[in-house]
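Step one of this worksheet: look at the structure below.
The values are calculated or read from the model by the stated rules, or taken from the named source; none is laboratory data. Worth saying up front: this structure is predicted, and the values here are computed from it rather than measured. Quick reminder, even Gly has a Cβ in these numbers, built from the backbone with ideal geometry, and neighbours come from all protein chains shown.
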Amino acid sequence: MKLRLCRILLVSAPLTMLPLTSTLAQEQPSTAAETNYLESLKACQNITSDAERLECYDEAVGRVVTASDEGEVRLVDRDDVEKTRRGLFGFTLPKLRLFGDGEEGEMDLLESKVTRVISVRGDTVVFEIEEGSVWRMTDAPARVIRRLEVGAPVVFKKAALGTYFIRVDGLTGIKGKRIE
């Protein structure tokens, strides 16, 4: 299983700490090899002496393990990345390369199942899907509302202005939006 090493953003960190970033940056190691864990490991490959290479690997791996224990980096596999991408579907995120170099591109389509119908008021429906996200469809015809039940397949396709066409059980898509 191919693993990826990527830095994670701590979403729970308060935004009020942003002014401290210049102070924290001064306290961080000054060389790129000390801050980039993967580059440190790659540099060890070029050492020809077995003893020196082993010492380099021990030091580089030690930094990665310590950073992982402290929550600074996290090792994730492709399944974790795909699960996270699916869970974030419907949100507009900045291009931070959280999912690698972006070779997969942004998801324009998501297939899932309804796990809970939260509310139905007239032609407005709010429901939750397997990935945990909550969606709202307005102006939904009665035939769509009747088919929207737990276990119903839903397909989300990116539309304009932050909206999505939501197809319930193969019916014509209705515009909707992620709300949670």
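Scanning the stretch 94-132 for residues that are touching an Asp or Glu at 6+ places or on another chain (Cβ under 9 Å), modelled with pLDDT under 90 and small (Gly, Ala, Ser) gives a single hit, Gly132. Mind checking whether some residue in the stretch 159-175 is in contact (Cβ under 8 Å) with a residue 60 or more places away in the chain and either under 19 Å from the mean Cα position of the chain (by Cα) or under 26 Å from Asp80 (Cβ atoms) (or both)? For the stretch 159-175, residues in contact (Cβ under 8 Å) with a residue 60 or more places away in the chain and either under 19 Å from the mean Cα position of the chain (by Cα) or under 26 Å from Asp80 (Cβ atoms) (or both): present.
Conditions (1) part of a strand (DSSP E or B); (2) loosely packed, with under 13 Cβ neighbours inside 10 Å, marked per residue:
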| position | (1), (2) |
| --- | --- |
| Lys113 | yes, yes |
| Arg116 | yes, yes |
| Arg143 | no, yes |
| Gly151 | no, yes |
| Phe165 | yes, no |
